[in-house]
Each structure stands twice: as structure tokens, then as C-alpha cells.
Amino acid sequence: MREFKILAVVVFFTLLVYVGVEPFAHSQMHAHVEGHDFVYDGTADIEEANTRVEKTKEALEKAKERLTEVQSIENSPQEDLVKAQDAVTKQENALAKAEETVTHKKSFWANVASIAQLDVNITNGEMSFGTCIACHNGAGINMGGVIPPNLDRIGSLYDKNYLIALIKDPAMASNVDHKYANTMMHPMGSVMAMVTSDQQIADIVGYIMQNKVGELEPKAAFEEACVRCHAVRYAKVTQLGDTPEFKEEKDALAHKIKVLDEQALVEAYMGKLPPDLSMMIRARSPHYMETFVENPQTQLPGTSMPRVGLTKENYEKVKTYLEEVGDPSKPAREAIGPWVILFFVVFTILAYLWKKSQWKDLH
Amino acid sequence: MAHFDENAKPFSNQWLNDRLAIDTVKRVLSTEYWIPKNINFLWAMGMILAATFGLLVVSGIFLLMYYKPDANLAFDSVNYTIMSEVGFGWLWRHIHGVAASVVFLIIYIHMLTGIYYSSYKKGRELIWISGMLLFVTFSAEAFSGYMLPWGQMSYWAGMVITNLFEGGSLELTGLVEWIRGDYVPGDAYLMRFFMLHVLLLPLVIIGLIVFHFASLRLPHVNNQEGEEIDFEEAARLYKEDKKKESKVIPFNPVFLSKDIFVMGVYFILFFFLVFYNFDFAMDPVNFDPADGLQTPTHIYPEWYFLWSYEILRPFPKDPGLIAFLIAQVIFFLLPFIDRSSNVAPAHKRGLFVIWFWVLVVDMIALTVLGKLPPEGMFNTLGTVAAIIFLLMWPILFVITKFEKKL
């Protein structure tokens with residue numbers, strides 16, 4: 001029994017270390033981000049905007065305190081006084097802007113919700129959809145930073161509310177409005193001049209949800225949602241899609257140059273070439289991946305990555321694809337694991353019987 | 001000139017005996033290498049370490065066939081070639097990664113067993129010192145191996161640890177550059193740590209393992225009660241088949257049968273980790289390729305270095321470095337700091353048992369705090385735990401000086 005007591009002590013301290021350095025430490029290192037189950041109704045956006053208001057208020061309080069402090073000192077240099085005064089003005093302006101953003105976001109998402117309730121006319125929607133084809137023409141030519149995506153199956157891939165929001169205001173929908181003083185500067189900004197009435201938006205989206213649908217394999221879901229910006233070199237996928245097989249080296253090089261040109265355009269648009277996603281499934285936790293794809297701002301505030309508006313089902317497909325590329329041994333692992341463990345269980349039983357026979361005359 | 005039996009057939013027992021004395025070797029190292037009977041499963045940790053080292057060597061050889069020590073190729077050779085193109089490459093990698101982490105758990109259990117049962121003194125000092133040399137060499141081996149996948153954590157841990165050689169205010173930047181072969185970790189750096197990891201350090205480890213075993217042969221293994229055994233008398237009883245009266249057992253097969261059983265239990269756990277819970281040994285941050293322009297949010301070493309990292313971190317630069325150096329060498333001095341001549345389990349040594357458990361808890365606290373961000377309360381607790389660790393050694397000197405002789 002002494003052996004079991006000792007074992008209990010060893011196991012206890014081992015688990016203590018494990019829990020301390022793994023689950024506990026990680027829970028302290030990473031801020032917890034609440035997911036919204038791939039529902040796009042602006043709740044997260046409004047929360048974020050409110051947090052910014054709170055933070056700006058704090059900064060304003062600090063700036064005011066500093067000003068009072070400078071004013072209370074006799075003969076404090078004019079320079080300090082001006083500086084403190086400027087800081088207060090700056091924070092006051094920031095606060096006004098932050099409050100305005102909250103109001104703006106609230107009315108925007110309320111508007112999106114009301115559009116979703118409108119009766120739709122599919123025929124009108126089809127007519128208006130023609131405007132989209134001007135850019136979303138499948139020619140694979142970069143426009144304003146990215147290649148406009150193919151729209152053939154977007155009704156299956158993306159959330160309805162998200163699509164409404166996207167046509168209404170692309171920067172607000174993808175939660176990158178902080179990047180643009182005016183949404184017209186967004187690569188898809190011109191849609192706001194072309195589709196102007198709420199009814200028109202409702203009709204287009206109604207048409208999309210009925211006609212632009214189709215079954216998507218994990219790889220197709222991934223390519224349509226992510227590949228305009230991200231490469232996956234372990235799967236020979238670039239911003240231009242699958243890399244074809246070339247017989248001649250010069251053809252391969254010519255293709256590579258096209259890829260580099262496309263990457264340069266994406267980089268100019270995003271500020272930085274978005275990372276290769278080959279290993280991303282192992283570099284981030286499942287929770288991080290999920291909340292990040294749902295709303296990039298939650299995990300990386302200020303990032304230029306747009307929210308893409310995937311439905312939950314399609315996020316799962318994207319994840320499946322990333323697992324196939326980044327963790328291809330998973331099926332083999334799960335197939336062999338039980339057998340290896342069974343082998344050692346049998347080994348241990350036999351070893352125990354041998355030990356017993358060797359030790360039987362000793363005590 | 002020794003006597004050779006000319007009639008012995010080549011490679012027969014007699015022929016080999018004349019040339020290699022195999023019967024004597026077998027007797028001395030195996031069938032008549034006497035081990036005390038009064039032991040528990042903690043005495044199997046040595047063989048478990050040997051087996052784990054074996055797994056590391058074998059899996060390492062397979063990985064070595066496909067790994068490319070080049071700053072441009074290393075990451076993909078590990079994460080793509082080995083993980084998706086090489087048959088069972090993923091299995092060798094996960095075995096190697098998990099074994100590298102678990103080996104330290106077993107080393108710590110092995111060390112703390114030695115401390116608990118006072119197995120480091122009265123003839124056993126060299127066992128302890130060679131064991132500590134093994135610990136340090138294993139640490140260097142683990143660190144150099146951690147550089148090889150050339151991910152973000154490889155790069156930045158390499159940067160932080162090599163920076164320590166600057167020596168605080170001594171500002172030995174030249175030494176740091178000499179170690180790196182460059183201003184920052186790069187190709188030259190990766191190549192030399194590759195060499196250390198696959199050649200020089202394994203050679204040193206193998207040499208030290210031989211020395212560790214050799215240093216054990218004469219003083220013999222300690223036992224659960226720290227009893228001084230007359231091995232010759234006990235061996236005579238055993239050989240006369242008075243096994244119940246004898247206090248010893250032969251290494252082979254009796255001691256080994258128990259070792260192998262414990263090893264079986266260990267391997268069940270080990271392969272459970274390899275197949276189902278390998279993430280703890282492979283930090284997610286290291287699956288992002290090394291990028292000298294982007295520092296990860298949190299930089300921390302693997303769990304087994306955290307306690308000494310936390311002794312470095314809470315203090316200002318120079319005192320921190322000195323505290324860190326003390327933490328690295330102080331365990332070597334244990335047989336000389338402990339002034340008591342008692343060889344007995346800690347619970348029979350009065351205040352020593354309290355000292356032992358405070359040490360265990362303090363080192364675990366340092367380990368956990370070493371990973372947490374050094375802010376607020378964690379920082380305070382870390383400072384307290386580090387100071388306690390440093391105070392433990394003068395306290396040990398005093399309490400063992402006044403320890404009652406058993």
C-alpha cells in the first residue's frame with residue numbers, strides 16, 4: 001500500500017504542475033473572447049464601439065487630471081500648459097467620434113434587421129443583380145486590392161444578414177470601417193452608389209438566397225472565402241488558386257511572377273501580406289480560430305482583415321480543410337493509437353506476471 | 001600472457017571467456033549486481049530514463065534523415081516533409097517531442113527521490129554530481145533541439161537565452177555574437193545548434209550515462225530506509241537460497257522484472273500522450289514560422305525551465321542574473337550543504353522533511369508563475385517564491401548542522 005501512497009503523491013504533484021502551466025496559465029495569458037455563434041446582427045460591433053467609448057472616457061479623465069495638475073503648479077511653463085490642453089481637446093474629439101460611431105452602428109444594424117423583414121421580389125432582384133456582375137465577372141482580375149469573388153454559390157456560403165449589410169455598407173459589414181473615412185474608398189464601396197434603396201437590397205439578397213446556391217466541399221468553401229488573400233503553400237494554393245502543373249520551367253516561373261504581382265496588390269491593400277494558412281490549425285487554438293474568423297477585431301483589434309460572414313456550417317468546412325492540410329496525420333493517429341496502447345497494456349500485464357513469479361520467494 | 005584454451009570452438013562460451021571474460025562481466029554487472037530488496041517503484045525511474053533516452057535517440061535518427069538545417073528550409077522540412085510526406089514521420093516527431101518533455105518530468109522525480117531518501121551522500125556524492133551533470137546536459141540538449149523547427153518560439157527563445165550571455169552590466173555583446181555567429185539568430189546559429197543537438201551533446205550524454213552507472217556500482221543503490229547493508233553477507237544468504245533472510249536481490253532478473261513492469265505502466269501513459277495529448281509538448285506559437293520582425297505576445301521557455309526562468313525574472317538585471325546562476329549550480333552542492341551524516345528518508349530526519357516539501361511546493365509555484373505574465377500579484381508572488389528558493393540553501397545548512405544523529 002505504501003507504493004500506492006507514493007504513486008498518489010507523484011500523480012498529485014504532476015497534475016498540479018500540468019494544470020498550472022497549461023490550462024491555468026493559458027487562461028490568464030489570453031483574454032477570453034465570447035463568440036456569437038456566427039450570427040451577424042451587430043451585437044459584437046456595438047459592444048466593441050461601447051468599449052471604445054469607455055476607454056476614451058478614461059483617457060479623457062486622465063488628460064483632465066493632468067491639466068488640473070499643471071494648472072495648479074505656479075509658474076508652470078506655458079509649453080506644458082498648451083500640451084495638457086491639447087491632450088484634453090484631442091480626447092474630447094475622440095470621445096465625440098466614438099459616441100457617434102456607437103449611434104451610427106446601432107442605426108446601421110437596426111436598418112439591416114428591417115431590410116431582412118421586407119417582402120422580396122425575385123425578378124427585380126435578378127435585374128439588380130446584373131449590376132454586381134460588372135465587377136464579379138470571374139475574370140480573376142484584381143480590383144482595388146483583391147480579385148472580386150465569384151458569386152455562384154454565395155447564397156450557400158454566407159449569412160443572409162451579412163449579405164444585406166455588405167451591400168448596404170461593405171466596410172461596416174466586414175467591421176473594418178475604422179480603416180475608411182468614407183466607405184466609397186473600400187474596393188466594393190461603389191456598390192453604395194449603384195444599389196441605393198433598401199427594397200433593392202432585399203430583392204438582390206432574396207435572389208441570391210434562392211438562385212446563387214450549391215453544395216460546397218470543404219476545399220471549395222475555403223477557396224471562395226479565404227484564398228483571395230491567403231495562400232496555403234503546403235497545398236500548392238496561392239492567391240490565384242490551385243497552382244497548375246507546368247511542363248516547362250519558364251511557364252512555372254511565369255505563373256510565379258503572376259502570383260507575386262497579385263500578392264503585391266493584396267499587400268498594398270491590406271498593409272501586410274496576409275499569412276500563409278498551411279499550419280494555422282496548429283498555431284491557434286480552436287476557440288481562437290472560431291472567434292477570429294467570425295469577427296477578426298475581437299482577437300486582433302485594429303486588424304485590416306475583414307469579417308467574411310461565413311455561416312457556422314461553412315466555417316466548419318473551412319476548419320475541416322485547414323485540418324486536412326495542417327494536421328494530415330489525424331486519421332492515422334486515431335487509427336493506430338488504440339492498438340499501440342493495447343500492446344502496452346498486454347505488455348504490462350505480462351511484465352506484472354513475470355515480476356510476481358520472480359518476487360514470490362522473496363518475502 | 002593469459003591462458004587460452006586452444007580446443008575451444010570459435011565463439012563458444014569458453015572461447016569468449018578467454019577473450020572477453022563474459023561470465024565475469026555478466027556476474028559483476030548483472031546476475032550478481034546486488035540491489036537492496038527494500039525499494040519502491042521510484043527506484044525504477046533510472047531505467048525509465050534510460051528507455052526514454054533510447055526512444056529519443058531512435059526517433060531522433062529517423063527525424064534526422066529528413067530534417068534540413070537551413071533557416072529557409074527547416075520549418076517546412078519539419079512541418080511539411082516530416083508531417084505529411086514521410087511515412088509515420090508524424091509518429092516519430094510526436095514521440096520525439098513528447099519524450100523530450102516527459103523525460104524532464106522523470107528527471108525531476110528521480111532527483112527528488114534522491115533528495116528525499118538522502119541518496120546523495122556518504123559515498124554516493126559522485127552519483128549525485130554525475131546525475132546533475134546529466135541534468136545540465138539534457139537541458140542544453142532540450143534547448144538546442146527546441147531551435148530546430150525554426151518557429152516563432154524557437155527564434156525568440158533563442159534570442160532571449162543567448163542574450164543572457166551578455167552578462168547584464170558586463171555588456172559582453174561580442175560573446176553573444178560569437179555564440180550566435182551573427183548579430184541575431186540566423187543560419188549560422190541554426191547550424192551550430194543543430195550540430196550540438198545531434199552530435200556533441202548526445203556524445204556527452206552517453207559518456208555521462210556510463211559514468212553515472214559506474215559511480216553507482218561501488219556505493220550500491222540506496223534503499224527505502226537508508227539502511228547500511230552488508231552486501232557480501234546478504235549476497236551469501238541469497239546464493240545459499242535463503243532469499244527471505246537476504247536483504248538483496250540480483251539486478252538481473254529480479255530487480256529488472258519490477259523495472260520492466262513499471263516501464264510498461266509508464267509506456268501506456270507515454271503513448272496516450274503521444275496519440276491523444278501531444279499539444280502540451282508542442283507549443284502552438286512554434287507553428288508560426290520564425291519572424292525576426294514580429295515578437296510573440298508572450299515568450300516563455302518549455303515547462304521544465306520555468307522555475308529557473310522565474311528566479312531570473314522578478315529581480316533587476318544584474319541581481320536576477322546572479323540569482324539565475326545560483327539556481328543553476330546550487331543543486332550540485334547539495335551533498336556538501338547538507339551537514340548531517342544521516343542517510344534516511346526525509347520523514348525520519350526531523351526538520352529536513354519540512355524543508356523538502358517546501359522545496360517541492362516552491363519549485364512548482366515558480367514553475368507556474370514562470371509562465372504567467374509578470375504583472376500585478378503574479379509578479380509579487382514570483383519575487384517571494386524566488387527569494388524563498390534562494391533562502392532554502394542557507395536554511396538547509398543550518399537545520400542539517402543541528403540534525404540529531406540517528
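The values are calculated or read from the model by the stated rules, or taken from the named source; none is laboratory data. In this text the structure is predicted, and so the values were computed from the model without any measurement. Glycine also receives a Cβ, built like all others from the backbone with ideal geometry; neighbour counts cover every protein chain displayed.
Contact map, the stretch B:1-25: first residue under 30 Å from residue B:251 (Cα atoms), second residue of a type in the set (Val, Ile, Thr) and in a helix (DSSP H, G or I), Cβ cut-off under 6 Å, separation 6 or more or different chains; pairs are B:16/B:22. Return the residues of the stretch A:255-299 that are more than 19 Å from residue B:287 (Cα to Cα) and among the aliphatic types (A, V, I, L, M); say none if nothing qualifies. The answer is A:257, A:259, A:260, A:264, A:265, A:266, A:268, A:270. Is there a residue in the stretch B:322-337 that is within 14 Å of chain A (Cβ to nearest Cβ), within 15 Å of residue B:395 (Cα to Cα) and aliphatic (A, V, I, L, M)? No, every residue in the stretch B:322-337 fails to be within 14 Å of chain A (Cβ to nearest Cβ), within 15 Å of residue B:395 (Cα to Cα) and aliphatic (A, V, I, L, M). Residue A:224 satisfies every condition listed in (1) free of Cβ contacts under 8 Å to residues at least 24 places away in the same chain; (2) closer than 20 Å to residue A:152 by Cβ except (1).
Only residues that are more than 14 Å from chain B (Cβ to nearest Cβ), touching a residue at least 40 places away in the same chain (Cβ under 8 Å) and of a type outside the set (Asp, Glu) were counted in the stretch A:242-279, giving 5. Taking (1) within 30 Å of residue A:45 (Cα to Cα); (2) part of a loop (DSSP other than H, G, I, E, B) in turn, residue A:245 satisfies each apart from (1). Among the residues making up the stretch B:164-179, those that are closer than 16 Å to residue B:192 by Cα and among the β-branched types (Val, Ile, Thr) are B:176, B:179. So, in the stretch B:240-270, of the ones that are touching an Asp or Glu at 6+ places or on another chain (Cβ under 8 Å) and free of Cβ contacts under 8 Å to residues at least 24 places away in the same chain, which residue ends up nearest to the other protein chains (Cβ to nearest Cβ)? So, considering only residues that are touching an Asp or Glu at 6+ places or on another chain (Cβ under 8 Å) and free of Cβ contacts under 8 Å to residues at least 24 places away in the same chain, the one nearest to the other protein chains (Cβ to nearest Cβ) is B:243. For the stretch B:374-390, taking the residues that are within 11 Å of residue B:310 (Cα to Cα), in contact (Cβ under 8 Å) with a residue 60 or more places away in the chain and out of contact with any Leu (no Cβ under 8 Å at 6 or more places or on another chain), the one that is surrounded by the most Cβ atoms within 10 Å (Cβ to Cβ) is identified as B:383.
With the condition kept exactly as written, say whether any residue in the stretch B:363-377 is more than 12 Å from chain A (Cβ to nearest Cβ), part of a helix (DSSP H, G or I) and over 22 Å from residue A:2 (Cα atoms). Looking through the stretch B:363-377, none of the residues is more than 12 Å from chain A (Cβ to nearest Cβ), part of a helix (DSSP H, G or I) and over 22 Å from residue A:2 (Cα atoms). Pull up the stretch A:325-335, narrow it to residues that are out of contact with any Lys or Arg (no Cβ under 8 Å at 6 or more places or on another chain) and assigned to a helix (DSSP H, G or I), then point me to the one that is nearest to the other protein chains (Cβ to nearest Cβ). Checked the stretch A:325-335; the qualifying residue nearest to the other protein chains (Cβ to nearest Cβ) is A:333.
Quick check on residue A:184: is it part of a helix (DSSP H, G or I), over 15 Å from residue A:128 (Cα atoms), without any contact (Cβ under 8 Å) to a residue 60 or more places away in the chain and touching a helix residue (DSSP H, G or I) at 6+ places or on another chain (Cβ under 9 Å)? The answer is yes for residue A:184.
Name the residues in the stretch A:167-194 that are more than 21 Å from residue A:46 (Cα to Cα) and surrounded by fewer than 20 Cβ atoms within 10 Å (Cβ to Cβ), would you? Hits for the stretch A:167-194 are A:184, A:185, A:187, A:189, A:190, A:192, A:193, A:194.
So, in the stretch B:60-89, exactly how many residues are more than 22 Å from residue B:291 (Cβ to Cβ), surrounded by 20 or more Cβ atoms within 10 Å (Cβ to Cβ) and hydrophobic (A, V, I, L, M, F, W, C)? Qualifying residue count for the region: 1.
A quick yes/no check of all residues on (1) within 14 Å of chain B (Cβ to nearest Cβ); (2) touching a Leu at 6+ places or on another chain (Cβ under 8 Å):
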site: A:3; (1), (2): yes, no
site: A:29; (1), (2): yes, yes
site: A:44; (1), (2): no, no
site: A:68; (1), (2): no, no
site: A:72; (1), (2): no, no
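I'm trying to understand the selection: among the residues of the stretch B:114-138, which are surrounded by fewer than 19 Cβ atoms within 10 Å (Cβ to Cβ), at positive phi and modelled with pLDDT of 95 or more? None; the set is empty.
Among the residues of the stretch B:102-122, those that are touching a Phe, Trp or Tyr at 6+ places or on another chain (Cβ under 7 Å) and within 11 Å of chain A (Cβ to nearest Cβ) comprise B:102, B:104, B:116. Residues in the stretch A:336-358: is at least one more than 7 Å from chain B (Cβ to nearest Cβ), surrounded by fewer than 17 Cβ atoms within 10 Å (Cβ to Cβ), within 19 Å of the chain's Cα centre (by Cα) and assigned to a helix (DSSP H, G or I)? There is no residue in the stretch A:336-358 that is more than 7 Å from chain B (Cβ to nearest Cβ), surrounded by fewer than 17 Cβ atoms within 10 Å (Cβ to Cβ), within 19 Å of the chain's Cα centre (by Cα) and assigned to a helix (DSSP H, G or I).
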